[in-house]
Amino acid sequence: MRYRRSNRLTNSNAQSNRIPWIDIAKGITIILTIIGHSLGYGTLGRNVIFSFHMPLFFILSGYTFHLSTNWESFAKRVKKDAVRLILPVLYVSFISIGLQFLFSTDHSRNNFFTIFCGMGRALFWASGVSVYDSPALGMMWFLISLFSARTIFNLLNIIFPSDGYKVIPILVGILGIFLGVKGKYLPFNFDVSLMATIFIVIGWELKNFLGTKNNASFQVLTIGFWLSCLRSGLYIEMASRSYPGILISVIEALSGTLILFWLSQRISFSWIATHALAPLGRITMTVLCVHHLDSFVINLWGRTNNIYLQCLSRVAIVITISILIELLKSIIIRGFNKTGQDNNTQMGK
């Protein structure tokens, strides 16, 4: 039996395929991601954010995923995901090469070649942290692993369409955890991608779960478990393959994710949610890419020692640039559409 998509979509909008609280959750989490990368290692704020922020995006991907039913639809899905997730990585990587060369004091051809080769190695391993003396790719690891995890989940559904299929992605995820813990890192961050299939499956199953487990007792239990893990210093960090307690850190990530989901649902009709957080959640790809490149202009917010001002200014700069890019994209798209309409009109005369 294959997985079937549930019709139970909390707070769904009849006029759109988008689910409002999901965009709100994404908007909140991308802000927290920027803040988390601004805080010092080991600080409480960073630990809180890292306990769920990356797993949340994988879980949301599973929640909204449309499984393929045959090889033809699978191929179309892979192509669509490659355009949506892998192309931005390549674009950002080329921009990063240019910025590294521009801000370098050495503008020789040899230095450009060194930077170019370094990016090639970073893309090959696609790791969020440096592995095997290869430079870290940075935040773009997430997009590559999201593409791989979605593809794995979809592929397993076609290959193993039986009732036992639900176990296979979990076993694949356990293999990814084992490889990461043992330091057996795979090219293209594939060991992390294997681990991420666990969160994709969790997201898929949550479609039927959220509507039945919103009672106060369960919420209090979830919050209590999450806080107790944080107090013990346990939290998952996928980029560096840190899975303390393994199952405990996975459940902790799920708990933190559920808490943010409940918060997003509760505030889904507020002004700030509908006019700020939800629109921001719809452009998280752009925000992530801009945030990946913002280290080149870190002096814009690093001029103050006040960590709160640093976080606020960094969030403001990244979001402002992202909005401007989205506006420019819409202008260009409208221009192309208008040109196409004009050409069709002339051809029809």
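The values are calculated or read from the model by the stated rules, or taken from the named source; none is laboratory data. Note that the coordinates shown come from a computational prediction; the quantities given were computed from them, not determined experimentally. Every residue, glycine among them, receives a Cβ derived from its backbone with ideal geometry; neighbour counts consider all protein chains shown.
When Gly45 is tested against (1) in contact with a Ser or Thr (Cβ under 7 Å, 6 or more places away or on another chain); (2) assigned to a helix (DSSP H, G or I), exactly one condition is not met: (1). For the stretch 73-126, taking the residues that are surrounded by 14 or more Cβ atoms within 10 Å (Cβ to Cβ) and β-branched (Val, Ile, Thr), the one that is nearest to His292 (Cα to Cα) is identified as Val92. Report, by residue number, each residue of the stretch 62-117 that is in contact with a Ser or Thr (Cβ under 8 Å, 6 or more places away or on another chain) and more than 26 Å from Asn154 (Cα to Cα). Of everything in the stretch 62-117, those that are in contact with a Ser or Thr (Cβ under 8 Å, 6 or more places away or on another chain) and more than 26 Å from Asn154 (Cα to Cα) turn out to be Asn111, Ile115. Taking the condition surrounded by 15 or more Cβ atoms within 10 Å (Cβ to Cβ), out of contact with any His (no Cβ under 7 Å at 6 or more places or on another chain) and without any contact (Cβ under 8 Å) to a residue 60 or more places away in the chain, does Ile168 pass? Here the answer is yes, as Ile168 does meet what is asked. Filtering the stretch 27-86 to residues that are touching a Leu at 6+ places or on another chain (Cβ under 8 Å) and among the hydroxyl-bearing types (Ser, Thr, Tyr) leaves Thr29, Thr33, Ser51, Ser61, Tyr63.
To keep it simple, each residue is scored yes or no on (1) in contact with a strand residue (DSSP E or B) (Cβ under 7 Å, 6 or more places away or on another chain); (2) modelled with pLDDT under 95; (3) over 21 Å from Leu67 (Cβ atoms).
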residue: Thr105; (1), (2), (3): no, yes, yes
residue: Gly138; (1), (2), (3): no, yes, yes
residue: Trp141; (1), (2), (3): no, no, yes
residue: Thr151; (1), (2), (3): no, no, no
residue: Glu205; (1), (2), (3): no, yes, no
residue: Asn214; (1), (2), (3): no, yes, yes
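Scanning the stretch 270-305 for residues being surrounded by fewer than 12 Cβ atoms within 10 Å (Cβ to Cβ) and at pLDDT 85 or above gives a total of 3. A single entry from Ala82, Ala75 fulfils the requirement of being assigned to a helix (DSSP H, G or I), more than 17 Å from the chain's Cα centre (by Cα) and not β-branched (Val, Ile, Thr): Ala75. For Leu99, the test of being assigned to a helix (DSSP H, G or I) and either at pLDDT below 95 or in contact with a Lys or Arg (Cβ under 9 Å, 6 or more places away or on another chain) (or both) is passed.
One residue alone among Ser16, Ser6, Ser93 is outside any helix (DSSP H, G or I) and either modelled with pLDDT of 95 or more or touching a helix residue (DSSP H, G or I) at 6+ places or on another chain (Cβ under 6 Å) (or both), and that residue is Ser6.
Only a single item in (1) surrounded by fewer than 20 Cβ atoms within 10 Å (Cβ to Cβ); (2) touching a Cys at 6+ places or on another chain (Cβ under 6 Å) is not met by Gly224, and it is number (2). Scan the stretch 130-146 for residues that are part of a strand (DSSP E or B) and of a type in the set (A, V, I, L, M) and the total you get is 1. Filtered by the rule that a residue be over 25 Å from Val89 (Cα atoms) and assigned to a helix (DSSP H, G or I), the stretch 173-194 gives Ile174, Leu175, Phe178, Val181. Filter the stretch 260-274 down to residues that are in contact (Cβ under 8 Å) with a residue 40 or more places away in the chain and assigned to a helix (DSSP H, G or I) and give me whichever is nearest to Ser61 (Cα to Cα). If we take residues in the stretch 260-274 being in contact (Cβ under 8 Å) with a residue 40 or more places away in the chain and assigned to a helix (DSSP H, G or I), then Phe261 is nearest to Ser61 (Cα to Cα).
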